[in-house]
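Data first, discussion second: the structure below is written as structure tokens.
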Amino acid sequence: MFPKLINFFKFAIHTLNSKKNQSLHMESSTEKILITGALGQIGTELTNRLVAIHGKENVVASGLDRFDKNLTSAGYYERMDVTNTQLVRQVIKEYEITTVYHLASLLSGTSEKQPLFAWKLNVEPLINFCEMAREGLIKKIFWPSSIAVFGKGIPKENVGQDVVLNPTTVYGISKLAGEKWCEYYFDKHGVDVRSIRYPGLISWKTPAGGGTTDYAVEIYYEAIEEGKYTSFISENTAMPMLYMDDAINATLKLMEAPKENITVRSSYNLGGMSFTPAELAAEIRKEIPEFKIDYKPDFRQAIADSWPASIDDSVAKKDWGLTYDFDITEMTRDMIKNLKTKLKP
Ligand code: AKB
């Protein structure tokens, strides 16, 4: 009788504790999402879209910076260094994460200045997440690659999905290595890791930082604030670019696609639109006629010269229905309208 009573109390206390833990944890949903780099250019917008779809109680944002309620609507924020393997593992377990959008990364310009750190940040945490998926802790991973994987000696126009890759930048090398790790973990262990080779991303909500294509973001800020811009990329250098709304839609579409439709396990080409600084300046002049541009190419010109001018993304269109809503004219109108409101004194 007596031991039975003790067992009953033990059971009651255990049940109470698990109830308490559950209320600290997230509401029931099929997906519990972690985003790394959640306060960055893609992260802020992707997090808010994921919250709209899955509910804030199922989304954990994370980053190196302090929590900023103006930047993220996620229900939870973890201030964490994604290279801290033990901490990341703890967070995955604590929130019972099923899906990771691992966005934390150093871009092309900054990577050239800190090559060893770029390798550490751009490659090692990805392997760590793939390991956790192999062990069954996570079900699905999204990881961004880049048009930087192509590199020197590859035809400039309409570059296909399966060309030889020859990156000459630290960033490109790290992204190519990452793609190969994704493919390896899928082939050997069935890890469901999906990836896109993003072109330059253009957005007004959160500034980009340290990329070669970032002239195409800076130009809008300076057109509105100063009426002029000095481009660090030369007049006639074309690069593939994408408006953030289209990038987010593509990312979500890829992640929602049935597993059997995903034929590319390295990373999907995404072309977006292709334009030069001179062409972008001409578009801006339609909205701000007095806008002036001049050109002072810096070290990022060599990076741009090694990248494609346009990309063939027909495989993504066929496999998971990639589409775009914005061309250069619509994007420019939207950027200027929103930035004028945002930058109002
Ligand atoms: C960069 O310029 O580094 C990035 C990219 C194209 O991956 N925007």
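I'd like the orientation of helix 2-24 relative to the chain: the angle between its Cα long axis and the longest Cα principal axis, in ° from 0 to 90, rounded to 10.
10
Where nothing but the Cβ of Lys and Arg (+1) and of Asp and Glu (-1) is charged, how large is the charge dipole of the chain around its Cα centre, in debye to the nearest 20? The partial results should precede the final answer.
On the way: 41 positive and 44 negative charges, 275 e Å.
My answer is approximately 1320 debye.
Once Lys and Arg get +1 and Asp and Glu get -1 on their Cβ, which of G109, F129, M255 lies farthest toward the positive end of the dipole of the chain?
In the chain, that residue is F129.
Do any GluC sites (Glu not before Pro) in region 167-251 lie in a loop, going by DSSP, with at most 14 other beta-carbon atoms within 10 Å of their beta carbon, and if so which?
Values: sites: E179, E183, E218, E222, E225, E226, E235; in loops: E226, E235.
When the GluC sites (Glu not before Pro) of region 167-251 are filtered for loop state and at most 14 Cβ neighbours within 10 Å, E226, E235 remain.
If you restrict to DSSP beta bridges whose two residues both lie in the chain, what percentage is antiparallel, to the nearest 5? Working shown, then result.
Details: 3 of 35 bridges.
Antiparallel: roughly 10 percent of the beta bridges in the chain.
Toward the positive end of the charge dipole of the chain, about the Cα centre and with charges on Cβ (Lys, Arg +1; Asp, Glu -1), which of A282, S310, Y324 goes farthest?
So the residue furthest toward the plus end is Y324.
Treating the beta-carbon of each Lys and Arg as +1 and of each Asp and Glu as -1, no other charges, what is the dipole magnitude of region 156-246 about its Cα centre, to the nearest 20 debye? Display every interim value, and only then the final one.
Numbers: 8 positive and 14 negative charges, 66 e Å.
Approximately 320 debye in magnitude.
What ranking of V91, V149, V191 emerges when the number of other C-beta atoms within 10 Å of each C-beta is taken as an exposure proxy, fewest first?
V91, V191, V149
What residue among I42, I202, I141 has its Cα farthest toward the positive end of the dipole of the chain, where the charges are +1 on Lys, Arg and -1 on Asp, Glu, each on the Cβ?
I141
Please report how far the C-alpha centroid of region 65-137 lies from that of region 323-341, rounded to the nearest whole angstrom.
With region 65-137 and region 323-341 each reduced to a Cα centre, they are spaced 30 Å.
Mind checking which lysines have their Cα closer than 28 Å to the Cα of K188? Skip sequence neighbours fewer than 8 apart in that chain.
The reachable lysines, counting only those whose Cα sits under 28 Å from K188, are K32, K93, K120, K139, K140, K175, K180, K253, K259, K317, K318.
Just to confirm the number: angle between the C-alpha axis of helix 85-94 and the first principal axis of the chain, 0 to 90 degrees, nearest 10?
60
Between helix 115-134 and the chain, what is the angle of the helix's C-alpha long axis to the longest principal axis, kept within 0 to 90° and rounded to the nearest 10?
The helix 115-134 is inclined about 40 degrees to the chain.
Quick one: net charge of A257's neighbours, Cβ under 14 Å, K/R +1, D/E -1? Display every interim value, and only then the final one.
On the way: positive: K140, R194, K253, K259, R265, K317, K318; negative: D192, E256, E260, D319.
Net charge in that neighbourhood comes out at +3.
Give, rounded to the nearest 20 debye, the magnitude of the charge dipole that region 267-329 has about its Cα centre when Lys and Arg contribute +1 at Cβ and Asp and Glu contribute -1 at Cβ. Before the final figure, lay out the partial values.
Details: 7 positive and 12 negative charges, 14 e Å.
The calculated dipole for region 267-329 is roughly 60 debye.
State, to one decimal in nm, how far the label point of F117 lies from the label point of N158, with both points 7 Å from Cα in the Cβ direction.
Using points 7 Å along Cα→Cβ, the separation is 4.2 nm.
Per the helix-only calculation at 222 nm, which mean residue ellipticity applies to the chain, given -39500 (n - 2.57) for every DSSP H run of n ≥ 4 and division by its residues, nearest 500 deg cm²/dmol? Write down the numbers at each step before the final one.
Numbers: 12 runs with 156 residues, N = 345.
Result for the chain: -14500 deg cm²/dmol, rounded to the nearest 500.
Since every read-out is calculated from the coordinates, none of them should be taken as a lab result. Every value quoted in this text rests on a predicted model; they were computed, and no experiment measured them. Don't worry about glycine lacking a Cβ; one is built from the backbone with ideal geometry, like all the others, and counts go over all protein chains shown.
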